[in-house]
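Encoded as structure tokens, the structure appears first; notes follow it.
The values are calculated or read from the model by the stated rules, or taken from the named source; none is laboratory data. Predicted model only: the values in this text are computed from it and were never measured. Cβ placement follows ideal geometry from the backbone for every residue including glycine, while neighbour counts extend to all protein chains displayed.
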Amino acid sequence: MSDRLTGKRAFVTAAAAGIGRASAIAFAREGAEVFATDIDEAGLASLADHGIARTARLDVRDTEAVEAIGRDVGTVDILLNAAGFVHHGTVLECSDSDWDFSFDLNVKSMHRTIRTFLPAMLEAGRGSIINISSAAGVYKAAPNRYVYGATKAAVAALTRAVAADFITRGIRCNAICPGTIETPSMLGRAAAAGPQGREMFVSRQPMGRLGTAEEIAALAVYLASDESAFTTGVAHIIDGGWTL
């Protein structure tokens, strides 16, 4: 363990798997007191051996639940919003309910957590908010990612708005825009695509491999730390050259 985040308190959503999990573990390894949340309680339980201070079930689509856990946790220095869902399809395959669910989980959940934790950050005069967006929708269109791309573009815009509104008050807000990352949810989509599904995803990557959740977590640690004190309002792309 190093001390890049020693003395800081971090709140992480979607921490049971994938990027959220890797980031929670990385934050704890760097000395942060980490509060990890998810709807997957079994996945959260598996964090017990990784130095996580506390885990709790949280549905980020539930405003009252988010506000309640915010009151319980109190002031944090780092907020990592990692909850999200990848809808597959064009506009023709996107129903009103698909649209509403995607925006509720991918975007409004971040609105809920930021609105909950930001006041205490402002009172403390410091805070780093990190939102997981995507290279798809922000830097490049991807086939069959109609509403997903729209939500991730919205995340980038939300990030810049928060950064601009509170730039003079010690708050930094940045987004991470990954390419194709090997996570349980991504592998599930690959399996649904057929026997060659994973190879299909790999073939889109100029580096010839998928990214790892740990590589995204390394960027999250940087944005959470004081090393990035002069960085705010940026959509950081980390995609293995997919958008070149």
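Screening E182 with (1) out of contact with any Leu (no Cβ under 6 Å at 6 or more places or on another chain); (2) under 20 Å from G18 (Cα atoms) gives one miss only, at (1). Scanning region 122-136 for residues that are among the small types (G, A, S) and free of Cβ contacts under 8 Å to residues at least 60 places away in the same chain gives A124, G125, G127, S134, A136.
Among the residues of region 39-49, are any surrounded by fewer than 17 Cβ atoms within 10 Å (Cβ to Cβ), without any contact (Cβ under 8 Å) to a residue 40 or more places away in the chain, under 23 Å from S102 (Cα atoms) and not acidic (D, E)? Yes: one or more hits.
Does at least one position in region 104-121 carry a residue that is of a type in the set (S, T, Y), over 24 Å from G74 (Cα atoms), in contact (Cβ under 8 Å) with a residue 40 or more places away in the chain and buried (at least 20 other Cβ atoms within 10 Å of the Cβ)?
Taking region 104-121 and keeping what is of a type in the set (S, T, Y), we get 109, 113, 116.
Next cut, over 24 Å from G74 (Cα atoms) only: none.
Within region 104-121 (the criterion being of a type in the set (S, T, Y), over 24 Å from G74 (Cα atoms), in contact (Cβ under 8 Å) with a residue 40 or more places away in the chain and buried (at least 20 other Cβ atoms within 10 Å of the Cβ)), the answer is no, since none of the residues qualifies.
Of the residues making up region 123-144, those that are touching a strand residue (DSSP E or B) at 6+ places or on another chain (Cβ under 7 Å) and farther than 14 Å from A235 by Cβ are G127, S128, N144.
R189 passes every criterion in (1) farther than 21 Å from A217 by Cα; (2) basic (K, R); (3) touching a Gly at 6+ places or on another chain (Cβ under 7 Å) apart from (3). Comparison of A153, A190, A164, A136 shows that the only residue that is part of a helix (DSSP H, G or I), in contact with a Phe, Trp or Tyr (Cβ under 7 Å, 6 or more places away or on another chain), surrounded by fewer than 21 Cβ atoms within 10 Å (Cβ to Cβ) and not basic (K, R) is A190.
Residue count for region 201-225 under the criterion of being assigned to a helix (DSSP H, G or I), free of Cβ contacts under 8 Å to residues at least 60 places away in the same chain, out of contact with any helix residue (DSSP H, G or I) (no Cβ under 7 Å at 6 or more places or on another chain) and not polar (S, T, N, Q): the result is 3. Looking only at region 18-58, residues that are over 17 Å from A220 (Cβ atoms), assigned to a strand (DSSP E or B) and of a type in the set (S, T, Y) come to 1 in all.
Pick out the one residue from R209, R145, R198 that is under 21 Å from the mean Cα position of the chain (by Cα) and either crowded, with 23+ Cβ neighbours inside 10 Å or under 23 Å from G20 (Cα atoms) (or both). Spell out how you get there, then give the answer.
Details: R209 fails: under 21 Å from the mean Cα position of the chain (by Cα); R198 fails: under 21 Å from the mean Cα position of the chain (by Cα).
Result: R145 is the single residue among R209, R145, R198 that is under 21 Å from the mean Cα position of the chain (by Cα) and either crowded, with 23+ Cβ neighbours inside 10 Å or under 23 Å from G20 (Cα atoms) (or both).
Among the residues of region 1-18, those that are buried (at least 18 other Cβ atoms within 10 Å of the Cβ) and small (G, A, S) comprise A10, A14, A15, A16, A17, G18. Of a type in the set (S, T, N, Q), at pLDDT below 95 and over 21 Å from A156 (Cα atoms) - does that describe any residue in region 54-62? No, because not a single residue in region 54-62 is of a type in the set (S, T, N, Q), at pLDDT below 95 and over 21 Å from A156 (Cα atoms).
The residues of region 1-43 that are closer than 20 Å to E182 by Cα, among the acidic types (D, E) and in contact with a helix residue (DSSP H, G or I) (Cβ under 8 Å, 6 or more places away or on another chain) amount to a single one, D38. Remark: pairs (first residue in region 158-170, closer than 23 Å to F103 by Cβ and touching a residue at least 40 places away in the same chain (Cβ under 8 Å); second residue surrounded by 13 or more Cβ atoms within 10 Å (Cβ to Cβ) and charged (D, E, K, R); Cβ separation under 8 Å; 6+ apart in sequence or on different chains) = A163/R172.
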